[in-house]
Structures are given as structure tokens and as C-alpha cells.
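Input: a single structure, listed below in C-alpha cells.
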Amino acid sequence: MAGYNTRSVQARFRKKDPHGSLIMPLYDTVAFEADTAADLEASFRGRRPAHAYSRISNPTVEFFEQKLKDFSGASAVTAVASGMSAIASVLLAIAGSGDNIVTTKHIFGNTFSLLTGVLAQWGLQTIFADLTNVASVEQSVTEKTRAVFLETITNPGLEVADLSALGRLCRRKNILLVADTTLTPPYLLDAPHFGVNIEVLSSTKYISGGGTTLGGAVLDYGSYDWRSNPHLRAAYQKFGPNALSGVLKTKLCRDFGNILSPHNAYMQSLGLDTLAMRAALSCASTLALAKFLQSHPLVRRVNYPGLAEHPACTVAQKQFPRGAGALLTFELETPEKCFSFMDQLKLIRRATNLNDNKTLIIHPASTIFCEYTPARRLEMGVTDTLLRLAVGIEDLADLQEDLQQALEAV
Ligand SMILES: *Cc1c(COP(=O)(O)O)cnc(C)c1O
């Protein structure tokens, strides 16, 4: 198989472009015309591969899916409106009232609220376990567990679960393993190799790169027998091994409206071209900056899965051989020092978001987690003295100099 850079840059269109365009044009249109009434009927009945309406399918979106498929080696890819939409779509497709999902309390805040708010209202239960402890997961799963859901690196705790161990457990119990790989997309992680069946990710982050557009994707590696899930048995009759992507495309995109817009697909397709290069650079810089911060007397503690001091360092090295992501956290002595440090930064931007091309810093306790009580924040590992640095692709020396001068000025 060609390398990641070649695969993303050289993905081909399914149909020849009439003008020989080298990049997939932006088909910013809603409807597509057919030559005859019979052609239109055939495309609606799925007998003729043609686009009819952009909520059902669109050439620019389809090309982005094709490109992600080539890039990742997945057997089916569905692009959707955002990372949250990818997560919600999968859960809505695989589970129903009376079922449960096993996950951890340390997941992304909006995913936590999706599970405990919106989906709980529809009768889906969430069981919380310690995903870094396989025995705890095994005790938590029941007959009604439709999936174990994890994040490959949690944010901002930067917890790393042992995917192989969870993969083995899920295979033995015939439970679907779904991983949110937003922080370690394909190139950084070969998810199916570790037993992950379904990858969901926010393409808003690493894939878009420049932080240009929202998007999400569901990658199905074809390793789960959908006949084991009561909600997908009927779809299996129709779509075979692509039952999940069939349901995502017809029910969640067409009927629910979770579709990715053509404009966003166009931007993200361009972003995907350079994902591997950007990820390699930002991960290498993150490790270097983590070591730099660790050696600084004003810094109390640094957390990064690439550091030898991280509790899951060995697992992280095995799972992310090309770099343990581009997110690190560190602590200063007081919340006041955190604020003053942030205000002294000249290059690094004060903003949320991560895996942007620009390096961003945020104080999670007073922003992303401001709605939670201090006790709940501590439970989530968010102290008042914690800073989160999302490293971009600027030159390492410039980033280090900015951190250094701001620490000296505190
Ligand atoms: C940002 C993020 C999401 C949500 O993605 P959106 O594209 O903003 O909807 C989900 N999971 C993780 C881990 C994220 O960082």
C-alpha cells in the first residue's frame, strides 16, 4: 500500500471530471438533473449510481469520503456535519431504548452531555467504568451493552486505554468497540490493528487543519458482524457487511439531516492532503515542548502520553508509534499565575479548539469546565492550576521562546 502522503494527495475521482479538474470541484448545489424520467427513477431506486439531492449524497462530500477511505483503509466511510454528529449518528444507529453503552466519565464534555442528557431521555443508559482497567469494563458490560465507547486520548486528562486489551474483551463478548480518534486520527493510530471496530472522529480538528470548517466522520473497518446487533439485522439483509454505513447514509444523513455540507467537505478534503505531515510535525514539537516545560522550575507538573512519566507511556508508544498527539497539559503554582502567563504569550493564541495549525492555549477550569462545581472538576482531573496547550505547526524554536519569555515574565 502507498504511504499516507501519497494516498491522501493522489486519491482519484470515481467519475472523470468533464473539464479535467485536478482537484474535486465544490458542487455547491442542492439538486441534480437526470436526462430521462426513467433515469431519475433508477437513481431513486438505487439502481443507477447518481446524485439526486445533496441531503442524500453530493459529489464533493462523496469524494471526501472516498479519500478518507483510501487514507485509512476503512471499508466504509460516512462523512457527517461535525464530530458530535458522528458520535450521535453511530449511537442512534446501534442502540435503542433499554440498551446501554459502557464508557468513562473522562470523555469529551459534549459527548458526556449527549449520553446523559439527550440519549438518556430516549431510554439509552450509560454505564461508567474505568476504561484503563479491563476488569472494571468486564464487570460493567451486560446483555444489553451495544458498545464500549472510548477516546484514544482523553481531553484534558490525557488518559490512554489499552486498546488491544479492550479489543480482546469486546471480541470475546461480541461487543462493538467504538473509538473517538479525534486526537489520533489514521496515520497516528492504526485503529483496526488493535481491535477497534468503528472509528468516529471530529474532522474539525486535525483533518481540517487550519480550523476552517466543522465536520465529522464514521469509519467502519468491516470487522463487526452486524447480525449480532438487533437494530442492524434488517439493514444487513439490504446492505450486507456495510449495514452500518447503509443506516448512517439513509437514516442519519437522509432522514435525520446529519449530512456534511459540500463547502466543508471541499475544505476538509484539502486539509486531509497534508494531515500526515502536519501530525508528524506537531507531535514531535509537543514532545519537545513537554520536555522543555518539565525542566522549567516554575512548572509544577507536565502531562503528555509521550513522556516516560505518563502512567500509560508504554501503551502509548505501542499504539501511537508516530507521536502521542499534539495536546499537553501543565500546571503552574496558582490560578493567578496561569492567567498572567497566558496574558504574556505573544505568539501562542488564547482560544479553545485543538489540532489547529496554530498553537492554542486555554485554562480549562475557567472556560470549558466552568459550568461544573469545583468538586466535579477535580473528579474530572481539571484543577484550577491546569493549562492546556494544543500544539500547531509553527517552528518549534519560536514556540519554545514564547513559552520561555512568558514564564520569565510571570
Ligand atoms: C472536538 C471534539 C469532538 C466534537 O467535535 P465537533 O466537530 O466540534 O462536533 C468530539 N470528540 C473529541 C475528542 C473532540 O475533541
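Here are some notes:
- For the chain, the relative contact order comes to 16 percent (Cα pairs under 8 Å, sequence separation of at least 6).
- Relative contact order of segment 1-75: 40 percent, from C-alpha pairs under 8 Å at least 6 residues apart in sequence.
- Counted by Cβ distance under 14 Å from Ala79, the other residues give a net charge of 0, where Lys and Arg count +1 and Asp and Glu count -1.
- Distance between modelled label sites at Lys173 and Glu401, nm, 7 Å Cα→Cβ extension: 5.3 nm
- The residues neighbouring Phe256, those whose beta-carbon lies less than 14 Å from its own, together hold a net charge of +3 under the Lys/Arg +1, Asp/Glu -1 convention.
- Cβ-based net charge around Leu169, under 14 Å, with every Lys or Arg adding one and every Asp or Glu removing one: +1
- Among Gly216, Gln139, Trp226 - extreme Cα towards positive end, dipole of segment 4-272, charges at beta-carbon: Trp226
- Whole-angstrom gap from segment 266-296 to segment 302-322, using each part's C-alpha centre: 16 Å
- Cα-based reach from Lys318 at 15 Å (exclusive), listing aspartates and glutamates while leaving out same-chain residues under 8 positions away: Glu159, Asp162, Asp190
- 37 °C / 0.692 mPa s Stokes-Einstein diffusion coefficient of segment 265-307, Kirkwood radius on C-alpha pairs, µm²/s: 269 µm²/s
- Calculated SAXS-style log₁₀ I(q)/I(0) at q = 0.09, 0.18 Å⁻¹ - segment 275-409, Debye, Cα scatterers: -0.25, -1.02
- Separation of alpha-carbon centers, segment 103-155 and segment 56-78, rounded to whole Å: 28 Å
- Positive-end ranking of Ala2, Gly325, Leu378 along the dipole of the chain, with charges on Cβ about the Cα centre, is headed by Ala2.
- Set of segment 197-237 residues, backbone N closer than 13 Å to the point 7 Å along the Cα-Cβ line of Thr250: 232-237
- Diffusion of segment 106-190 by Stokes-Einstein, at 4 °C in a medium of 1.567 mPa s and with Rh set to the Kirkwood radius over alpha-carbon pairs, works out to 95 µm²/s.
- Simple label model, 7 Å out from Cα along Cβ direction - Phe339 to Asn133, nm: 3.7 nm
- Fraction of the pair-distance distribution of the chain above 36 Å, Cα-Cα pairs, percent: 26 percent
- Note on His19 and His193: the extension gain reaches 58.6 nm, defined as 0.36 nm multiplied by sequence separation minus the Cα-Cα distance.
- Ranked packing of 98-105, 313-320, 203-210, 358-365, most packed first, by mean Cβ within 10 Å: 203-210, 358-365, 98-105, 313-320
- Per-pair calculated FRET efficiency, R0 = 60 Å: Arg301 and Thr142 via Cβ, rounded to 0.05: 0.95
- Residues within the reach of a label modelled at Met277 (point 7 angstrom out along Cα to beta-carbon, backbone nitrogen below 19 Å), restricted to segment 348-380, are 355-359.
- Probe 1.4 Å, all protein chains present, accessible-area order of Asp28, Asp35, Asp180, largest first: Asp35, Asp28, Asp180
- Each of Leu91, Cys170, Ala50 was scored by the projection of its Cα onto the charge dipole of the chain, and the greatest displacement toward the positive side belongs to Ala50; charges sit on the C-beta of Lys, Arg, Asp and Glu.
- Potential extension, Cys313-Tyr53 segment - 0.36 nm per residue separation minus Cα distance: 88.8 nm
- Segment 73-173, relative contact order [Cα under 8 Å, separation at least 6], %: 28 percent
- Proximal lysines relative to Lys251, as straight alpha-carbon distance under 27 Å, when same-chain residues fewer than 8 apart are discounted: Lys15, Lys67, Lys69, Lys144, Lys205, Lys238
The values are calculated or read from the model by the stated rules, or taken from the named source; none is laboratory data. All figures in this text were calculated on a predicted structure; none of them were measured in a lab. Here Cβ is always computed from backbone atoms with ideal geometry, including for glycine, and neighbour counts include all displayed protein chains. Accessible surface is based on the protein model in full, side chains and every heavy atom, while ligands, DNA and RNA are left aside. Shrake-Rupley method; radii C 1.70, N 1.55, O 1.52, S 1.80 Å.
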